[in-house]
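K.L.:
Pasting in a structure now, in structure tokens, and then I'll have a few things to ask.
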Ligand code: PGA
């Protein structure tokens, strides 16, 4: 199997305020992406800006969203279905981000959304992560339960379109300098653990189909190190994905890391 490229997913959260600003960031990201050899980029803006991305046939920038609902259409005021996203040229959906889980999204809801997104032909980026670490290793049990609960019902035939984003809550927006970021060796250790759990769920032959991302204060300064030493297939980037100066630098540093 050909090794997949690094994947950098920009999670814009509820930013920026105007379509003009959104267009500027998209333009700058696309410009930088043209020179990338080993990296693909996904931009996940708020819904109103999705159509501004206009993914190109052979381009390296894809469009995604930050959430989807599990039904296809109907009387669900305020919701957006995976099928609508697909038909609007969206390819990826972040699901179960900790900021949504904080609003009440449970593992069971995340699993429903994940299954719906995969069935509609989207690539699902399912977020998991502990809120704190302890010396007794309880967080590993927590991660295991959250991961298994978020993937209930996922069919093996969809696993190439399943991505797990490991985002420890304590590392999100916590400090973007290299000295503050999670150590690549710690990211690596947790990645191996997640793979072990995925092997228990789906069987070990399937684990290589599932990509794993790391997210939490990823920056231009630390991205290359995390990709290089974290054993991950890519990064989920919040704040820095909106930064006109730093995001291009971040992409460049990721692209410099051999596959
Ligand atoms: P951050 O956000 O990169 O700003 O820490 C990451 C995320 O919450 O997805």
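K.L.:
Given the condition surrounded by fewer than 16 Cβ atoms within 10 Å (Cβ to Cβ) and within 15 Å of the ligand (Cβ to nearest atom), answer yes or no: does some residue in the range 199-210 qualify?
P.N.:
no
K.L.:
Within the range 39-53, track down each residue that is over 26 Å from residue 253 (Cβ atoms) and in a loop (DSSP other than H, G, I, E, B).
P.N.:
If the condition is that a residue be over 26 Å from residue 253 (Cβ atoms) and in a loop (DSSP other than H, G, I, E, B), then 46 is the only one that fits.
K.L.:
Exactly one of these conditions fails for residue 80: (1) at pLDDT 95 or above; (2) part of a loop (DSSP other than H, G, I, E, B); (3) more than 22 Å from residue 117 (Cβ to Cβ). Give me its number.
P.N.:
(3)
K.L.:
Spot the failing condition for residue 154; the list is (1) touching a residue at least 24 places away in the same chain (Cβ under 8 Å); (2) in a loop (DSSP other than H, G, I, E, B); (3) more than 19 Å from residue 199 (Cβ to Cβ), and only one is missed.
P.N.:
Just one mismatch for residue 154, condition (3).
K.L.:
Moving on to the next point. Of the residues that make up the range 138-146, is at least one touching a strand residue (DSSP E or B) at 6+ places or on another chain (Cβ under 7 Å) and closer than 30 Å to residue 23 by Cβ?
P.N.:
no
K.L.:
Go over the candidates 74, 104, 121 one by one and state the one that is touching a helix residue (DSSP H, G or I) at 6+ places or on another chain (Cβ under 9 Å) and either part of a loop (DSSP other than H, G, I, E, B) or at pLDDT 95 or above (or both). Show your work before the answer.
P.N.:
Numbers: 74 fails: touching a helix residue (DSSP H, G or I) at 6+ places or on another chain (Cβ under 9 Å); 104 fails: touching a helix residue (DSSP H, G or I) at 6+ places or on another chain (Cβ under 9 Å).
Answer to the selection: 121.
K.L.:
Against the condition within 14 Å of the ligand (Cβ to nearest atom), at pLDDT below 95, surrounded by fewer than 20 Cβ atoms within 10 Å (Cβ to Cβ) and closer than 21 Å to residue 133 by Cβ, how does residue 177 come out, does it pass? Outline the logic, then answer.
P.N.:
Values: within 14 Å of the ligand (Cβ to nearest atom): yes; at pLDDT below 95: yes; surrounded by fewer than 20 Cβ atoms within 10 Å (Cβ to Cβ): yes; closer than 21 Å to residue 133 by Cβ: yes.
In short, yes.
K.L.:
Could you grab the pairs with beta carbons closer than 6 Å, sequence gap of 6+ or different chains, first residue in the range 122-145 and under 21 Å from residue 158 (Cβ atoms), second one part of a loop (DSSP other than H, G, I, E, B) and at pLDDT 95 or above?
P.N.:
Close Cβ pairs (under 6 Å, with a partner that is part of a loop (DSSP other than H, G, I, E, B) and at pLDDT 95 or above) amount to 126/96; 127/96; 127/97; 127/167.
K.L.:
Just one of (1) surrounded by 23 or more Cβ atoms within 10 Å (Cβ to Cβ); (2) within 14 Å of the ligand (Cβ to nearest atom); (3) closer than 18 Å to residue 8 by Cβ trips up residue 168, so point out which.
P.N.:
(3)
K.L.:
Shifting gears a bit: (1) exposed (fewer than 15 other Cβ atoms within 10 Å of the Cβ); (2) at pLDDT 95 or above: which one isn't true of residue 214, the others all being true?
P.N.:
Result: residue 214 fails condition (1) only.
K.L.:
Looking at (1) buried (at least 18 other Cβ atoms within 10 Å of the Cβ); (2) outside any loop (DSSP other than H, G, I, E, B), which one does residue 36 not meet, given that it meets all the others?
P.N.:
(2) is the only condition that residue 36 fails.
K.L.:
Residues to consider are 214, 193; find the one that is in contact with a helix residue (DSSP H, G or I) (Cβ under 8 Å, 6 or more places away or on another chain), over 20 Å from residue 32 (Cα atoms) and either within 16 Å of the ligand (Cβ to nearest atom) or without any contact (Cβ under 8 Å) to a residue 12 or more places away in the chain (or both).
P.N.:
Going through 214, 193 in turn, the sole match is 214.
K.L.:
So, in the range 13-30, exactly how many residues are loosely packed, with under 14 Cβ neighbours inside 10 Å and under 22 Å from residue 172 (Cβ atoms)?
P.N.:
2
Residues checked against (1) crowded, with 17+ Cβ neighbours inside 10 Å; (2) away from the ligand (no atom under 16 Å from the Cβ); (3) more than 14 Å from residue 124 (Cβ to Cβ):
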{"residue": "58", "(1), (2), (3)": "no, yes, yes"}
{"residue": "63", "(1), (2), (3)": "yes, yes, yes"}
{"residue": "66", "(1), (2), (3)": "yes, no, no"}
{"residue": "71", "(1), (2), (3)": "no, yes, yes"}
{"residue": "80", "(1), (2), (3)": "yes, yes, yes"}
{"residue": "87", "(1), (2), (3)": "no, yes, yes"}
{"residue": "92", "(1), (2), (3)": "yes, no, no"}
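K.L.:
Report yes if some residue within the range 234-247 is farther than 20 Å from residue 12 by Cβ and either touching a residue at least 40 places away in the same chain (Cβ under 8 Å) or surrounded by fewer than 18 Cβ atoms within 10 Å (Cβ to Cβ) (or both); otherwise report no. Can you show your working first?
P.N.:
Filtering the range 234-247 for residues farther than 20 Å from residue 12 by Cβ gives none.
No, because not a single residue in the range 234-247 is farther than 20 Å from residue 12 by Cβ and either touching a residue at least 40 places away in the same chain (Cβ under 8 Å) or surrounded by fewer than 18 Cβ atoms within 10 Å (Cβ to Cβ) (or both).
The values are calculated or read from the model by the stated rules, or taken from the named source; none is laboratory data. All values derive from a computational prediction rather than experimental measurement. All Cβ positions, glycine included, derive from the backbone under ideal geometry; neighbour counts span all protein chains shown.
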